[in-house]
Structures are given as C-alpha cells and as structure tokens.
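Quick one: this structure, given as structure tokens, is what I'll be asking you about.
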Amino acid sequence: MKLALIGGGGVRAVLFTHSLTLKAASLGITRLVLHDNDEHQLHIIRQLCQAVIDRNGVRLELSYTTDRVEAIRGADLIVTTIRVGKEISRYTDERIALEHGVIGQETTGPAGFSMAIRTIPVLLEYCELAQELAPNAWIFNFSNPSGLVTQALRSAGYDRVIGICDTPSHTKLRMEHALGLQEGELDVKLFGLNHLSWFNHVSYQGQDLLDRLKSDPELIAAVSEFQMFDPDLLRALPYLPNEYLYYYYHREKALENILNSDMTRGEMIALNNKEMLARLESMDIENNPEEAIQTYLYYTQKREVSYMAIETAAAAKEMPTTLELPESLGYAGVMLDFVESIQSGKTNRMVLSVPNEGSIPGFEHDDVVEVTCEISADGPRPIPVSEVPEDMYLLMKGVKRFERLTVDAVREKSIDLAVEALMVHPLVGSYSIAKSLVHAYIKAYPEYLSDWR
C-alpha cells in the first residue's frame, strides 16, 4: 500500500515515519511518499526519515516530491498536515488576535479562524485530486484547526475524510500512568468538538474512576492536562475537560499569561525549528544519521517540555536525560489503529472527528464532532452520548455555529460571513472586534485572501 504524507516537509514527519515503521509491515504499507512545496526543507526531513527507517530495520520504500499529482496518484492512504503560510503565519495569527485583546492560539478562536480560511481552500484542491487519482483512499486530516477543517472537507462532499488528533489518546495514556495501569487498561469515552471536548466515562474493570480523577489532588497533579485547571472547577464539572478548554474556563488568565510572556507559542516554535533546521543543514545526515537524529530529538523535546507553559505561566518541564524516539505512536497511531480495524474487521475504539450521525443530541446529522467511535471493517460508527449538560451543549453549539459560518465564508469568500463567524465565537463575542480582526487578517495575507469581498 502507498501512503502519501501531505506536508511531509514538516518537522513532525520524522516522528510520523518512526510510528509508521512500527506497524507498516503488519498493515501492508510498503511505500511512503513525502510531499511538500518547500523543496529545501523537504530534502532535509526526507534524509531524517530515511535514517529512522534504516535505524528501525524496516522495509519501507521512501520517496519525496513537490508534485502533488505524483504524491496522490494511486495512494491508498493520505494524511494531510499542512501549514499554509509556514511558521511565520502562526505567530502573525496569534499577534493580531492579541492586539485586539483576545486569545491568540493557533487552533482556538481568531488565530484558528485565520489558519482555517487559508488552509481549507488548499485542502479542497487536494481532496479533489484524491477523488480523481485515488478515489478509494481514506484521507486523515491532521491540519489545524482539525475539526473545523474536517467540517469544511466533509461539507464539500468528501466523505472519506476523517479528522484525527492525538490529544485524547495522550491524555488517556497519562491517566493510565497516574493510576498505575498499563496502556489500554482504561475504558474511556469522550464527546464534543475537536479541542472542545470532555471525558464523560473513565473506568477500570467496571469501576467508575471519573469522580476520583476529578477530585484526587495527587492524580490531578500527575496528569499534565488537568494540572492547569482550578481544582474547584474540576470537582464542579460533571466530566473531565480536554486541556484546550483552559482557554474558555480560564480565559482571562490565559490571555494575561500570553501577553506577559516574552513571546507567543508560535514565535517560540518558529525559533526552535529555525535553529534545528540550520543545524541539520550543516550536518552530513546520510553519513552521520545518529548525530542528526539526536539533534532532531533535542529540539523536539525542547518544544514538548514547554507545551502550554506560556499560556498557563507554568515552568517548562525538565528535559529528559536520554533522548529516544517515543514509544507512543502519536497522531500516526490513531490513523494506523483505524487502518488495522478496517483491514482485520476487529472492532476497536478510538476518538475521531466524524459526522455526528445522531450521536450527540441536538446536533445535525452532518455536524462534524469529536467523539469516541467504534471502528470495524465498515468504517467508524460514533458511540451515542446519552446526556450532555446544558452549559457544555451551549458552548459546543456556539463553536459549531462559528465553524459552519466559517465554512460558508470560505466557500463564498465573504467578509460579511467571516465577521459573523468570529462575532458568534465565545472567545470574541463582539461585532466590532470581529470586523476589525477579519480586516486585519485579510490585510496580512493578500496572497491568499485578496479576492474576499
């Protein structure tokens, strides 16, 4: 089978390749094609990916191309992970939001909106190509904001698109570790929208652990995704929140912390990646692959230990004493588990962004939601959610309204619809701020948005 990684010149392609090598043989994946429009960076990342394949001793043919037709033609699996406008666009998005007094975060609120309106048209072109050149391929979207982008692709009629995110699986792993359990021993369920979701079921061998996880200080401290929330809030909420709900539940704290920081998360990552690529460029990767891999892991860990530190004003975690490629499979693991279930017919559970299909009461059949699904040979089936507390329901409905209006705005290239979309977003909630934001983003990206009216 052929797997095409769209955005294969991105720094996470190396970790993706490592994860792929752990399951490629059992799944029959024999060829990986990295595609990107940045040929120079693609060349560097391709060498690292090849070093990882060689290191793991896996028979996996690796190629790379800037030609999207060549990348997609005949693909069985397509993974999209692109950043339209490159890294500079992320901190441009964040800074414009902050200048308007609202949170700047690449997936949440105005910055996520800006990224989406640039990303959606590009991915629609890839989906159109896939329909022509690889009509039976599953398309796994990891491009942020994943849920909103997946909504746009599904609304355009591309019904083999699945939204994936590794946040729920990582949180589950950390809950298991905090409880002293092995990977896979917890039974969990989640519902909501991407980066706006709650764990509504956590159990071990039939024992409900949700209340314990919400109220035990030691467990809360041991799960980084829960540490940032006020303990009184966790006790009061009926369900455990996704970490990105910090921006909603502690909005003023997040905004203040970002404004008081020397740089935004986007600026920090751009600097980190720039330094990493400069060092890798100066190396002879093919003849010194281990040195290159260690350099890559050093900068990757620098990025990971500072995750959410700016927004929560927390100290960065300590760097690990040894640098190894991770055992967990990340977002590639979600995709690979899906493929495994499709192939074997063995039912598996995982969190995906898929059409609602009646799973969450009060949402449209084709609303893309993030929910625990049962995967079988027939594809994903979202597990019904029996009860949604009113405050969670209303927050979800507001953000879904924002997503739907954003999709309409992109389709019509409409400034008015874009303003309406941001106005209804819970983190904006103002016509005047929304209007100013939209015009600021259009001015910042004339190469992508100059034809909006």
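The values are calculated or read from the model by the stated rules, or taken from the named source; none is laboratory data. Worth saying up front: this structure is predicted, and the values here are computed from it rather than measured. For neighbour counting, all protein chains shown are included, and Cβ atoms are generated from backbone atoms with ideal geometry for every residue, glycine included. Surface areas here come from the heavy atoms of the whole protein model, side chains and all, with no ligands, DNA or RNA. Shrake-Rupley method; radii C 1.70, N 1.55, O 1.52, S 1.80 Å.
Based on the Cβ-Cβ distance from residue 340 to residue 314, what FRET efficiency comes out when R0 is 60 Å, to the nearest 0.05?
0.95
Going by amide H atoms built from the backbone, whose H comes under 5 Å of the H on residue 102, apart from near neighbours?
none
Moving on to the next point. Can you find, among 45, 375, 441, the residue farthest towards the positive end of the dipole of the chain? Put +1 on the C-beta of Lys and Arg, -1 on that of Asp and Glu.
After comparing all options, I get 441.
Something else about it: Work out, step by step, the length gained on full extension between residue 125 and residue 275: first 0.36 nm times the residue separation, then minus their alpha carbon distance; give nm to one decimal.
50.8 nm
Using a 1.4 angstrom probe on the protein heavy atoms only, could you order 420, 256 from most to least accessible area?
Details: 420 65, 256 105 Å².
Per-residue accessible area, sorted high to low, gives 256, 420.
Where in the chain are the DSSP H helices whose alpha-carbon span along the long axis reaches 15 Å or more and whose Kyte-Doolittle mean is at least 0.0?
For the chain, where a helix must reach 15 Å along its axis and average at least 0.0, the hits are 13-27, 110-133, 330-344, 431-444.
For the stretch 224-268, what Kirkwood radius comes out of the mean inverse Cα-Cα distance, in Å? Please list the in-between numbers first.
Numbers: mean 1/r = 0.0860 Å⁻¹.
After inverting the pairwise mean of 1/r, the radius is 11.6 Å.
Show 126, 431, 296, 307 ordered by accessible area, largest first, where the area counts protein heavy atoms only and the probe is 1.4 Å.
Heavy-atom accessible area, descending, gives 431, 307, 126, 296.
What is the dipole size for the stretch 2-163, taken about its Cα centre, with +1 at each Lys and Arg Cβ and -1 at each Asp and Glu Cβ, in debye to the nearest 20?
Numbers: 16 positive and 17 negative charges, 88 e Å.
In total the dipole reaches around 420 debye.
If you don't mind, there's one more thing I want to ask. Once you keep just the Cα pairs under 8 angstrom separated by 6 or more residues, what percentage relative contact order results for the stretch 2-163?
Averaging sequence separation for qualifying contacts and normalising by length gives 22 percent for the stretch 2-163.
Given a cut-off of 32 Å, name the pairs among 23/214; 189/274; 189/400; 253/443; 189/435; 2/86 whose C-alpha atoms lie farther apart than that in the structure shown.
Going by Cα-Cα distance, 23/214; 189/274; 189/435 fall outside the 32 Å limit.
I've got another one for you. Using only the Cα atoms of the stretch 2-163, what semi-axes does the equivalent ellipsoid have when each is the square root of 5 times a gyration tensor eigenvalue? Give whole Å, largest first.
Calculated on Cα positions only, the semi-axes equal 28, 19, 13 Å.
Would you rank 400, 172, 443, 253 by solvent-accessible area, highest first, keeping every protein chain in place and using a 1.4 Å probe?
Result of the area sort, largest leading: 443, 253, 172, 400.
Using packing as a proxy for protection, rank 445-451, 13-19 so that the peptide with the highest average count of other Cβ atoms within 10 Å comes first.
13-19, 445-451
When you have a sec, figure out the Kirkwood radius of the stretch 84-174 from all distinct Cα pair distances and drop it here in Å to one decimal?
Every distinct Cα pair counted, the radius reaches 14.2 Å.
Can I ask one more? Want the number for residue 322 to residue 230: 0.36 nm per residue separation, take away the alpha-carbon distance, what's left? Kindly include the intermediate steps, with their values, before the conclusion.
Details: separation 92, 0.36 × 92 = 33.12 nm, distance 3.28 nm.
Extra length from residue 322 to residue 230 when fully extended: 29.8 nm.
Now for a different question. Add -39500 (n - 2.57) for each DSSP H run of 4 or more in the chain, then divide by its residues: what number comes out at 222 nm, to the nearest 500 deg cm²/dmol?
For the chain, the value works out to -16000 deg cm²/dmol.
In terms of the ratio Rg/(2.2 N^0.38 Å) built on C-alpha atoms, what value belongs to the chain?
Ratio of Cα Rg to 2.2 N^0.38 Å: 0.94.
For the stretch 290-404, what class follows from the C-alpha gyration tensor (a ≥ b ≥ c being the square roots of its eigenvalues): rounded when a/c is under 1.5, otherwise prolate if a/b is larger than b/c, else oblate?
Oblate.
What is the extension gain from residue 183 to residue 381, computed as 0.36 nm multiplied by their sequence separation minus the C-alpha to C-alpha distance, in nm to one decimal?
My answer for the length gained is 69.0 nm.
While we're looking at this one, here's another question. For the chain, what is the charge dipole size about the Cα centre, in debye to the nearest 20, if Lys and Arg each add +1 at the Cβ and Asp and Glu each add -1 at the Cβ?
Taking the Cα centre of the chain as origin, the dipole is about 480 debye.
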